[in-house]
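Taking it in order: structure first as structure tokens, then the write-up.
Each reported figure results from applying straightforward, stated rules to the coordinates on display, with no laboratory input. Please read these numbers as outputs of a predicted model, since none were measured by experiment. Because the Cβ atoms are built from the backbone with ideal geometry, glycine has one as well, and the counts that use them run over all protein chains shown.
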């Protein structure tokens, strides 16, 4: 405000410095002024009346992150503003009394910096179109109130701004997005919402304000989360939504994939990979609510060029402003054709936010026109209040404001047809009628129908919603749930110690033995020579054990007899257990349910005499670690492949059951009497973690199988990760290939190896010569021990892509067995070549042509003996006519020769 001293009557007058709001004030009453002074001031007041004198230029600031966000820059704010201002100044239906001009104002992408820059724009403009960041809308509106400058914004979702008394200079240029979303969600009866944002401040703040606004409407917003900046964080985000429960709608606060938004594209594709786009959720993009997305005869290249994104987008419902005059592309091309837009960009290269900027400026001009006609100054509060009852033709749609200044512009719900790259209008959202109307095309839901509806009470402002159930029933149900849970826990406690499926075992259940180590080698981690006794029992089975075994106790032996079978006890160290926690018994139950031929079954948990141990089947061949170091066992590549295939199948099963191992190493892969590999020690680390057992630092040589990311993180979970298990498999693969300890070829100490693995570069890994294994095996090994966990293939992929050769061997052996004869070993030419290459004196006879299922007719052979093989062989029956392509082989006993199988071939070769 300027103070101007005038000599008339000694009065001090104030003249506003605003170009549009001249105001006269005097410190003296007019009655005290001389007549000529009064006359002069009357003339001056008439000249300064808004109908006679107006500002020369009314400048509008267009606020936005035009420099720091490339997707906002695609809206061409300067071009859109120039087009709107040019048309406004040439529109004879508008009586502004001045010329409108604009200036592009940069808004920082960080909310704090954006607010700082906004403060500096106070004296640069007469009104603002913006902000675009809801994070500082409240502060900007309060400053606008203090400056008496209008704030016209399409992006401020903050519901508090609707209070005219608190924010008199604020006006919305679009209907509130919350209002539009509420209408759509009410129509489909979907209330439970998750909101996901990208990582920029503008979208994080948008998500927070949207959640606040929806909650103010009574809707349950279950989770508000930022999606992170890598694949792991993205997966964690989707898992958190999955685990939240009841979520039906996922609102995505980020740039739309249809205009090139990479983060929404990644989000939808990851959701597709995780199976979350099959109809259980409805995905709604938020940013399309802010502009008019073209849809008539429009092909979206991001969908056309990406099959996965196109399939994922079938789960997306796109809500956007209706193009009731023409599409955005048509309006843009028309302006170019008339020479109003001198730009090279085609409409497909421009964000439809272009039209929103245009409409906001035109709404401001209409408000100025109404204020001038009412004889009001162009103050911020006046311009905000004169947005009521306005209707005009916007860039490509009709813009309507009601008597309260709320937008009534129509919206549409768009959807794909499930396989194409076009969007079709399915429903109108008529805000003036507060209805959603069918537009002629049905929505294509991936599951054939929308997710199950929520209770309608969520959308009733006068109801307290309990999900459609009376509060009395809720209380009764809650009490019933508590009672049933108590009963269930009691039943589980009884089942843990009694019955055929009991888990907690005591000395009454086990008979400890000292096996004859000279005949049955037991080489698992903790086994040592021991002398003990057997407690005599009255049962026949245990009496038989007493007669054949030396005595042992639970303190000196890890081997026992349980229900007639040998079992192995994996003991926990003292101090790890004082009592078995309830949460630990859940792990036992989960372990008990695991059933796979390549997973050593969990039989129970021994807890007696202050000793705690996991009880599993006893495998007489010891561990894979010991087998590889037993020079008496010959291991050719077929034998190794079979062992590795067992390991892959076992780990694949564990991971399918959501059971990471965490301690996978060759010591924890045991081999039974049939040379079948089984994985053991699973669940051990998870039990320690649940029991809160103190962490111990293992010796460096025990860390060879541990993934580098776990070595670097002392707080890493004990139960391990899926990717870390794949790394451990790679180290075991190296052991099997070279038949040596991990890193045995490097000549480094264990401490030095672990130090190098933890702190690359260079990356420290074992080296395997190309002639030691097939190239595919070496490539698989390198993939599995990749430094980046995301690059390690899951066991599903390892099994599908890398076991074809192994499976072919197994299938061939199965075919040979099914076409064999009793007491004869049936082999094909591949096996013959292998046996002859060994030069061990195998005796082979030609059988003749044999039809093998799936392989046609091949020459096959009988393996009839071996030089220097002294054990007695059963005499096979003579081949009768018609048995040349024999059927129905007999299973052999431990002393008979039967049609050959993989396990028997292992035994012969060993």
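When the Cα atoms of the range 663-760 are aligned to their principal axes, the ranges along those axes come out at 37, 34, 22 Å in descending order.
Where does the range 185-306 land on Rg(C-alpha)/(2.2 N^0.38 Å)? Spell out each step's value before the answer.
Numbers: Rg = 14.2 Å, N = 122, 2.2 N^0.38 = 13.7 Å.
Compactness ratio reported: 1.04.
For the pair residue 818 and residue 772 in one chain, pulling the backbone fully straight at 0.36 nm per residue adds 13.3 nm over the alpha carbon distance.
Listing 292, 449 from fewest to most neighbouring C-beta atoms within 10 Å gives 449, 292. Spacing of the modelled spin labels on residue 89 and residue 349, each 7 Å from Cα toward Cβ, amounts to 2.7 nm.
Over the Cα atoms of the range 265-396, the radius of gyration divided by the Kirkwood radius equals 1.11; this is the Rg/Rh ratio. As an exercise, use a Förster radius of 51 Å and the Cβ-Cβ distance of residue 830 and residue 693 to find the FRET efficiency, rounded to the nearest 0.05. Result of the calculation: an efficiency of 0.50.
Can you put 692, 586, 570 in order, fewest other beta carbons within 10 Å first? Working shown, then result.
Details: 692 8, 586 12, 570 19.
Ranked by crowding around the Cβ, least crowded first: 692, 586, 570.
When the Cα gyration tensor is reduced to axis lengths a ≥ b ≥ c, the ratio a/c is 1.5 or higher for the range 609-650, and with a/b not above b/c it is classed as oblate. In plain terms, the residue of 777, 156, 784, 253 with the fewest other Cβ atoms within 10 Å comes first and the most crowded comes last, giving 777, 784, 253, 156. Here the simple spin-label model places points 7 Å from the Cα toward Cβ, and for residue 878 and residue 508 these points are separated by 6.3 nm.
Classification of the range 191-255 by its C-alpha gyration tensor yields an oblate form. The axis ratio a/c (a ≥ b ≥ c) is 1.5 or more, and b/c is at least a/b. Here the gap between residue 189 and residue 460, fully extended at 0.36 nm per residue and compared with their Cα-Cα distance, gives a gain of 96.4 nm.
For the pair residue 565 and residue 656, a Förster radius of 22 Å applied to the C-beta separation gives a FRET efficiency near 0.25, rounded to the nearest 0.05.
Please find the FRET efficiency linking residue 573 to residue 746, where r is the Cβ-Cβ separation and R0 is fixed at 41 Å, and quote it to the nearest 0.05. Given R0 = 41 Å and the Cβ-Cβ separation, E is 0.85. For the range 326-461, the relative contact order is 13 percent, taking Cα pairs closer than 8 Å that sit 6 or more residues apart in sequence and dividing their mean separation by the residue count. With the cut-off at 1.5 for a/c, could you classify the range 504-802 from its C-alpha gyration tensor as rounded, prolate or oblate? Note, shape of the range 504-802 comes out prolate. Just report the Cα centroid separation between the range 724-802 and the range 242-306, whole Å. The distance from the Cα centre of the range 724-802 to that of the range 242-306 comes to 39 Å.
Label-to-label distance, residue 433 versus residue 408, with points set 7 angstrom from Cα along the beta-carbon direction: 1.3 nm. Using equal-weight Cα scatterers in the Debye expression, the normalised intensity of the range 87-187 in log10 at q = 0.14 Å⁻¹ is -0.62.
Full extension of the segment from residue 230 to residue 674, taken as 0.36 nm per residue of separation minus the current Cα-Cα distance, would add 155.3 nm. With just the Cα atoms defining each centre, how far is the range 397-429 from the range 672-719? Give it in Å. Their Cα centres are 56 Å away from one another. Label reach from residue 441 (point 7 Å along Cα→C-beta): in the range 253-294, amide nitrogens under 15 Å belong to 293-294.
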